[in-house]
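Enquirer: Structure below; questions to follow.
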């Protein structure tokens, strides 16, 4: 049983109820959890605006007991041992005589039922492991696979932050710098406007501004907001706010932990074909097969998922920006600007962690009426009606 505190509207689905600010125990069976997920979808569909989803918090469930760094170190070590094991198996087999090889395959055929049973047991254990690490996303209502706790992600984020600051030690701006004060004002505007969401209110946010030409910003799982002056120098405050809101959405949606957990699981599964590859192929062919297989794995399993996360962060980042009374239409201006600066993106998007600029622009355009309506519901000042006439690409 997992205790949770929900801040959602009243919902009823098959006599299953969720009350505003009431504590209860989240159902542990798959059938009850499916009903709960459908209940969330019902809230989203029947609300005045299905895009304006209220956040509610769920406590963490079963997670990986290992320290985060130990879990990450296991991956390269496991790959190395898979390679050594495969090579040793191949060398052992090549030393067998023809008679011994025939006897070996005879024994394999004789014990094939036991082999199938072992494979079935291993698959069942993997399924149970994945099921124990499934939870319902408190924002989207979707199921997600996470093996790292928030504390573990914070430890990793602290390590990443220290490394980033050490690399750019001379470029980190002081709080008295005008660029820092400008970024701080924008970030605090977004955070203060979304404090009704407990993940925003409970997190310790802090800002680092780096004097670098990169047009980028990021938010680490520990709440560190990193903004590069390349972004500040290129765009206005509203566009900076949209980008920061997008990055904060990544943090609130726990995308870092989800992506890392997915990579960890795929790397562990990859050990099986990796071992077979080194066992069945000579070393040169095995190296080529490893490179091609790894590239194919990233192209088909990892990159599409990361692009979906970017689209999801666009959606909820736009809602955070609307709550802060930012001119959300500036998101379209920003991405059209990026599209004009990087024409190659639309052609090679399938090799990138980010979707094509055209796809993002079309998606944000579809969300724009909902975001503008949310601004209006929040009592934000009206936006400039002749806004689009200032930009040639909207005429």
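Enquirer: Which is buried (at least 18 other Cβ atoms within 10 Å of the Cβ) and more than 23 Å from residue 231 (Cβ to Cβ), of 295, 290, 316?
Expert: 290
Enquirer: Given the structure, is residue 328 over 30 Å from residue 124 (Cβ atoms), at pLDDT 90 or above and not in a helix (DSSP H, G or I)?
Expert: For residue 328, the condition - over 30 Å from residue 124 (Cβ atoms), at pLDDT 90 or above and not in a helix (DSSP H, G or I) - is met.
Enquirer: Further, regarding this structure: Right, residue 140: surrounded by 10 or more Cβ atoms within 10 Å (Cβ to Cβ) and not in a helix (DSSP H, G or I) or not?
Expert: When the stated conditions are applied, residue 140 passes them.
Enquirer: Shifting gears a bit: Looking only at segment 207-225, which residues are within 20 Å of the chain's Cα centre (by Cα) and either surrounded by 15 or more Cβ atoms within 10 Å (Cβ to Cβ) or farther than 20 Å from residue 255 by Cβ (or both)?
Expert: Correct list: 217, 218, 219, 220, 221, 222, 223, 224, 225.
Enquirer: State whether the residues of segment 242-259 include one that is more than 30 Å from residue 174 (Cβ to Cβ) and more than 12 Å from the chain's Cα centre (by Cα).
Expert: No; the residues of segment 242-259 include none that is more than 30 Å from residue 174 (Cβ to Cβ) and more than 12 Å from the chain's Cα centre (by Cα).
Enquirer: Identify, by number, the condition in (1) assigned to a helix (DSSP H, G or I); (2) modelled with pLDDT of 90 or more; (3) in contact with a helix residue (DSSP H, G or I) (Cβ under 8 Å, 6 or more places away or on another chain); (4) crowded, with 22+ Cβ neighbours inside 10 Å that residue 251 doesn't meet.
Expert: Checking residue 251 against (1) assigned to a helix (DSSP H, G or I); (2) modelled with pLDDT of 90 or more; (3) in contact with a helix residue (DSSP H, G or I) (Cβ under 8 Å, 6 or more places away or on another chain); (4) crowded, with 22+ Cβ neighbours inside 10 Å, the one that fails is (3).
Enquirer: Would you mind stating whether residue 374 is crowded, with 17+ Cβ neighbours inside 10 Å, under 21 Å from the mean Cα position of the chain (by Cα), modelled with pLDDT of 75 or more and assigned to a helix (DSSP H, G or I)?
Expert: When the stated conditions are applied, residue 374 does not pass them.
Enquirer: Same structure, new question: Taking segment 174-189 as the region of interest, how many residues are free of Cβ contacts under 8 Å to residues at least 24 places away in the same chain and not in a helix (DSSP H, G or I)?
Expert: 3
Enquirer: Give the number of residues within segment 340-357 that are outside any loop (DSSP other than H, G, I, E, B) and either at pLDDT 85 or above or surrounded by fewer than 15 Cβ atoms within 10 Å (Cβ to Cβ) (or both).
Expert: So the count comes out to 8.
Enquirer: Could you go through segment 151-172 and let me know if any residue there is under 25 Å from the mean Cα position of the chain (by Cα) and over 30 Å from residue 215 (Cβ atoms).
Expert: yes
Enquirer: OK, next. Going by the structure shown, is residue 160 under 14 Å from residue 258 (Cα atoms) and part of a helix (DSSP H, G or I)?
Expert: no
Enquirer: Scan segment 268-293 and report the pairs whose first residue is on the phi > 0 side of the Ramachandran plot and touching a residue at least 24 places away in the same chain (Cβ under 8 Å) and whose second residue is crowded, with 16+ Cβ neighbours inside 10 Å and assigned to a helix (DSSP H, G or I), with Cβ atoms within less than 9 Å and a gap of 6+ or a chain change.
Expert: Cβ pairs passing all conditions: none.
Enquirer: Let me ask something additional. Filter segment 188-206 down to the residues that are under 21 Å from the mean Cα position of the chain (by Cα) and within 15 Å of residue 243 (Cβ to Cβ), then identify the one that is surrounded by the most Cβ atoms within 10 Å (Cβ to Cβ).
Expert: 190
Enquirer: Condition check: part of a helix (DSSP H, G or I), over 20 Å from residue 305 (Cβ atoms) and touching a strand residue (DSSP E or B) at 6+ places or on another chain (Cβ under 6 Å). Does residue 122 satisfy that?
Expert: Taking the combined requirement at face value, the residue does not satisfy it.
The values are calculated or read from the model by the stated rules, or taken from the named source; none is laboratory data. Computed from a predicted model, the values in this text were never measured in an experiment. With ideal geometry, Cβ positions are generated from the backbone for all residues, glycine too; neighbour counts draw on all protein chains shown.
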